[in-house]
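Participant: What follows is a single structure, and I will ask about it in a moment.
The values are calculated or read from the model by the stated rules, or taken from the named source; none is laboratory data. It should be emphasised that the depicted structure is a prediction, and the values quoted were computed from it without experimental measurement. Cβ: placed from backbone, ideal geometry, glycine included. Neighbour counts: every protein chain shown. Only protein heavy atoms, including side chains, enter the accessible area calculation; ligands, DNA and RNA are left aside. Shrake-Rupley method; radii C 1.70, N 1.55, O 1.52, S 1.80 Å.
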Amino acid sequence: MKNPKSRILVTGSSGQIGTELVAALRKRYGQRNVIACDIKRSGADAELFALADATDRRALERIIRKHRIGTIYHLVSILSAAGEENPNLAWKVNIESLRNVLELAVRYKMEKVFWPSSIAAFGPHTPRTNTRQLTVMDPNTMYGITKVTGELLCNYTFTKFGLDVRCLRYPGIISWKTPPGGGTTDYAVAIFHGALRDGRYECFVSADTVLPMMYMPDAIRATLEFMAAPRSRLRTHLGYNLSAMTFSAGELAKEVKRHLPNFVCTFKPDERQRIADSWPRSIDDRGSRKDWGWRPRFTLRATAAEMLKNLRLAYRGAKEAAEDK
Ligand code: AKB
């Protein structure tokens, strides 16, 4: 059952990463060669969008056959904080959908699969500074458990069936086009909205909480470069560590205040603090740098400036559109 290896499918296409990855893939590989798929409808071109739940294997198989899919970016995921609210759902969505994708990718002899792992794959006994590629992984969230399990499933599928499946361990991703939802690192996005909308923000982790972060353009470029790297260069089909910058919530608030002197940030840790405290403070991504040439571009300073510039324009646009109605 050999498929012509032509088109790309992006599941979870309406999410924070999916929205921007679909646009970047279409720019690189051609508009009609990228099919977006989600349980929420999005995008103007209905022909290039498939409404489906990736836990439904038959639905996924229909899409793969109909659009002759040769590569899948499988981004469907319930994130860390939402996963603690509903661990059964997190397991079902994150693992069943991945099993479906991997099995169908093997059956249809696909070229490649991309699956996002995360810093959440690490846990309380992982060394927290400059966390190595191969180290203790004992996550204590259901999301993190699905990330370790998923990495093992990807590696198993590579070893047993030769499927070229690639994973990156994303840090917290900061972006302005689509809000994140249900993650522990969401405060690093919400703070910009709070600052611009209300002049204040109540942060749900303490000021001294340090986590690895990345601005979305770096995350998208990393994904494209990683997927384009020759297979022979890759030395692991577990997740590759990936890093750009690391800072505390207090440092982030200070950076926002440099642009908006009247901004007030208060800190009121909630249950997400426990999750943040179980994750690395910084990541050693020498493997990515060496094997496929990863180099981040955005620092905290550059990210904050870009976020505020782009969100200001977005808020202005939304206001003008509301006034025109
Ligand atoms: C989350 O906070 O759950 C995600 C992640 C780090 O994977 N952003």
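Participant: Quickly run through the range 177-207 and pick out the residues that are hydroxyl-bearing (S, T, Y), outside any loop (DSSP other than H, G, I, E, B) and open to solvent by 10 Å² or more (accessible area, probe 1.4 Å).
Facilitator: Selection gives Y201 alone.
Participant: Taking only pairs six or more apart or across chains, which ones have beta-carbon atoms under 8 Å, a first residue in the range 202-226 that is under 24 Å from V113 (Cβ atoms) and within 14 Å of the ligand (Cβ to nearest atom), and a second residue that is part of a loop (DSSP other than H, G, I, E, B) and charged (D, E, K, R)?
Facilitator: Here the result reads M216/K177, each pair linking the range 202-226 to a residue that is part of a loop (DSSP other than H, G, I, E, B) and charged (D, E, K, R).
Participant: Can you go through I174, I145, I119, I78 and tell me which one is within 12 Å of the ligand (Cβ to nearest atom), open to solvent by 20 Å² or more (accessible area, probe 1.4 Å) and aliphatic (A, V, I, L, M)? Even if it seems obvious, please write down each step before you answer.
Facilitator: Details: I174 fails: open to solvent by 20 Å² or more (accessible area, probe 1.4 Å); I145 fails: within 12 Å of the ligand (Cβ to nearest atom); I119 fails: open to solvent by 20 Å² or more (accessible area, probe 1.4 Å).
One residue alone meets the criteria, I78.
Participant: Something else about it: Of the numbered conditions (1) modelled with pLDDT under 95; (2) closer than 24 Å to A120 by Cβ; (3) in contact with a Leu (Cβ under 8 Å, 6 or more places away or on another chain), G12 satisfies every one except a single condition; which is it?
Facilitator: (1)
Participant: Still on this structure, I have one more. List the strands (runs of 3 or more DSSP E) that sit entirely inside the range 223-325 and contain at least 3 residues that are touching a helix residue (DSSP H, G or I) at 6+ places or on another chain (Cβ under 7 Å).
Facilitator: 239-241
Participant: Another question, then. Looking at (1) in contact with an Asp or Glu (Cβ under 9 Å, 6 or more places away or on another chain); (2) open to solvent by less than 30 Å² (accessible area, probe 1.4 Å); (3) not basic (K, R), which is the one condition that is false for Q273?
Facilitator: Q273 satisfies every listed condition except (1).
Participant: Identify, please: which residue in the range 95-116 is open to solvent by 70 Å² or more (accessible area, probe 1.4 Å) and over 19 Å from the mean Cα position of the chain (by Cα) and is, among those, nearest to the ligand (Cβ to nearest atom)?
Facilitator: Among those that are open to solvent by 70 Å² or more (accessible area, probe 1.4 Å) and over 19 Å from the mean Cα position of the chain (by Cα), it is E111.
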